[in-house]
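These notes are about the structure you will find just below.
The values are calculated or read from the model by the stated rules, or taken from the named source; none is laboratory data. Worth saying up front: this structure is predicted, and the values here are computed from it rather than measured. Reconstructed Cβ throughout: ideal geometry from the backbone, glycine too, with neighbour counts over all protein chains shown.
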Amino acid sequence: MAGRVESVLGLLLAASCVAIATKWIRVPYTVALVLFGLAVHFIPFAPRIELTGSLVMLIFLPALLFEAAWNLDFANLKPIWQPMVVLATAGVGISVAVVGAFAHFSFGLTWPLAFLLGAILSATDPVSVVALFKNLRAGKSFATLIEAESLFNDGTGVVVFGILLAGVLAGTAVQPAAALGTFVWVSVGGLLVGTGAGFVASQITRAFDDHLLEIMLTTIVAYGSFVLGQHLAVSPVLAVVAAGIVMGTFARGRTISARSAEAIDAFWEYAAFVANSLLFLLVGLRIDPRPLVALWVPLAWVVAGLLVARGIVIFGFLPLLRSQRPPVRQWPTLFWGGLRGALSIALALSLPDQIADRTLLIALVFGCVLFTLVVQGLTMPLVLQVCHPSDPESPPQEVAAPAQNLRPPPI
């Protein structure tokens, strides 16, 4: 027990040092954490701390999802719901198909495993994307689209992963009609569970005005909706997102007083700050870049598949929207902002041992995550500068200090 406490304290100390350093170097805080973790692998006798799939899914993800959803005003979703749905549904399907095809034809991965790899990498990770875009100077509606995509895309991606994994384990081909029915049931079920949990909790807060008790209640809702979704075999991710939106949009200012809402904001801001710090640092510590060198050819093909799939969705599907279509100048940022992160790592690590080529799949996922976080993450400021040199919706004074990049942004 003492060793675990010391490990957590060591991680917090390392994260604090990185945060202080990013005040003087122009590197996104989350990317700096990953780079620091990668550097540890080259230090002799450095301690090794494992990042497991259950740790991400049960500890970090509910808190980060709920905090982002709590700050997501439902009214802000109305002007961007069409591109959000396209990115969260067609985007996932195309990513699975294109990445799967690249993996199958380039280095011979079987179709079931190739599609499973595509599903693992299909969702733009909310932890990575939302954290990186906190200081986005691209207008409120665009920031909302980026963050909403990352939340809902995550939920649908996990659902598709579960469907394909069940087919691989059963050794049978996935039937499209049955898969579609399961997708709708699991997704809608998760939204209903979260909406119900958020509504019940919102009604409970009518009985009192105690900010400490209400903070505790939001914590119970965040983790309780996730666990309830798991037990009911629906999407726990979408359950947390729905619960957070309900409480943040309909309870705030109605059943939750302004004073209590301010206290809840502060609590979840700090919780997300700590969770993001530990998570990105652990991602860097978990990925050892040295074994990936030997896999650079298949890794290059998978990364190419990710970029091609993202390009098809952004430049092929968004132009088909008759309304709510983002301005053309924002499309390159949407394309380059499809980061993958801890969620993909968690799904890869959750693969059962009986999966053929499990080690290869994990290595490929690690390599793709490393590319998106480091290469795309480091070049994102340049993309933003070129595509959004001055946006009337986003005044310069709203940009926060680099060390505050941890919390998913209020949207």
Given the conditions (1) under 19 Å from residue 154 (Cα atoms); (2) modelled with pLDDT under 80; (3) surrounded by 22 or more Cβ atoms within 10 Å (Cβ to Cβ), which single one is not true for residue 377?
(2)
Out of all the residues in region 318-367, which are among the basic types (Lys, Arg) and over 29 Å from residue 85 (Cβ atoms)?
358
Can you tell me which of (1) out of contact with any strand residue (DSSP E or B) (no Cβ under 9 Å at 6 or more places or on another chain); (2) farther than 13 Å from residue 64 by Cα; (3) crowded, with 21+ Cβ neighbours inside 10 Å is the one residue 276 doesn't meet?
(2)
Check region 163-186 and report whether any residue there is under 25 Å from residue 88 (Cβ atoms), exposed (fewer than 15 other Cβ atoms within 10 Å of the Cβ), touching a residue at least 40 places away in the same chain (Cβ under 8 Å) and out of contact with any Asp or Glu (no Cβ under 6 Å at 6 or more places or on another chain).
yes
Exactly one of 201, 166, 170 is of a type in the set (A, V, I, L, M, F, W, C), under 27 Å from residue 56 (Cα atoms) and at pLDDT below 90, and that residue is 170
So which pairs qualify, if the first residue must be in region 221-235 and more than 15 Å from residue 192 (Cβ to Cβ), the second must be assigned to a helix (DSSP H, G or I) and of a type in the set (Phe, Trp, Tyr), the Cβ gap must be under 7 Å, and the two must be at least 6 apart or on different chains?
222/66
Matching residues in region 42-81 - criterion: being closer than 21 Å to residue 183 by Cβ and surrounded by fewer than 17 Cβ atoms within 10 Å (Cβ to Cβ)
81
Of the residues 371, 315, 366, only one is without any contact (Cβ under 8 Å) to a residue 24 or more places away in the chain and out of contact with any Gly (no Cβ under 8 Å at 6 or more places or on another chain); which?
315
When (1) closer than 30 Å to residue 220 by Cβ; (2) of a type in the set (A, V, I, L, M, F, W, C); (3) in contact (Cβ under 8 Å) with a residue 60 or more places away in the chain are applied to residue 261, the one that fails is (3)
Find all pairs meeting these conditions: Cβ atoms under 8 angstrom apart; at least six residues apart or on different chains; first residue within region 37-60 and within 15 Å of residue 280 (Cα to Cα); second residue in a helix (DSSP H, G or I) and at pLDDT below 75.
60/127
So how many residues does region 18-41 have that are surrounded by fewer than 12 Cβ atoms within 10 Å (Cβ to Cβ) and not in a loop (DSSP other than H, G, I, E, B)?
1
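Against the definition (under 30 Å from residue 261 (Cβ atoms), modelled with pLDDT of 80 or more and crowded, with 23+ Cβ neighbours inside 10 Å), how does residue 152 come out, yes or no? Explain how you work it out, then say what you get.
On the way: under 30 Å from residue 261 (Cβ atoms): yes; modelled with pLDDT of 80 or more: yes; crowded, with 23+ Cβ neighbours inside 10 Å: yes.
In short, yes.
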In region 83-94, residue surrounded by the most Cβ atoms within 10 Å (Cβ to Cβ) [restricted to those that are part of a helix (DSSP H, G or I) and in contact with a Ser or Thr (Cβ under 7 Å, 6 or more places away or on another chain)]
92
Total residues in region 223-278, condition under 30 Å from residue 22 (Cα atoms), under 15 Å from the mean Cα position of the chain (by Cα) and among the small types (Gly, Ala, Ser)
3
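Can you tell me how many residues within region 110-138 are of a type in the set (D, E, K, R) and modelled with pLDDT of 60 or more?
Going through region 110-138 one residue at a time, the tally reaches 1.
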Working only within region 197-211, note down all residues that are surrounded by 16 or more Cβ atoms within 10 Å (Cβ to Cβ) and closer than 11 Å to residue 224 by Cβ.
197, 198, 201
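Residues checked against (1) part of a loop (DSSP other than H, G, I, E, B); (2) out of contact with any Ser or Thr (no Cβ under 7 Å at 6 or more places or on another chain):
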residue: 340; (1), (2): yes, no
residue: 344; (1), (2): no, yes
residue: 348; (1), (2): no, yes
residue: 352; (1), (2): yes, yes
residue: 363; (1), (2): no, yes
residue: 380; (1), (2): no, yes
residue: 383; (1), (2): no, no
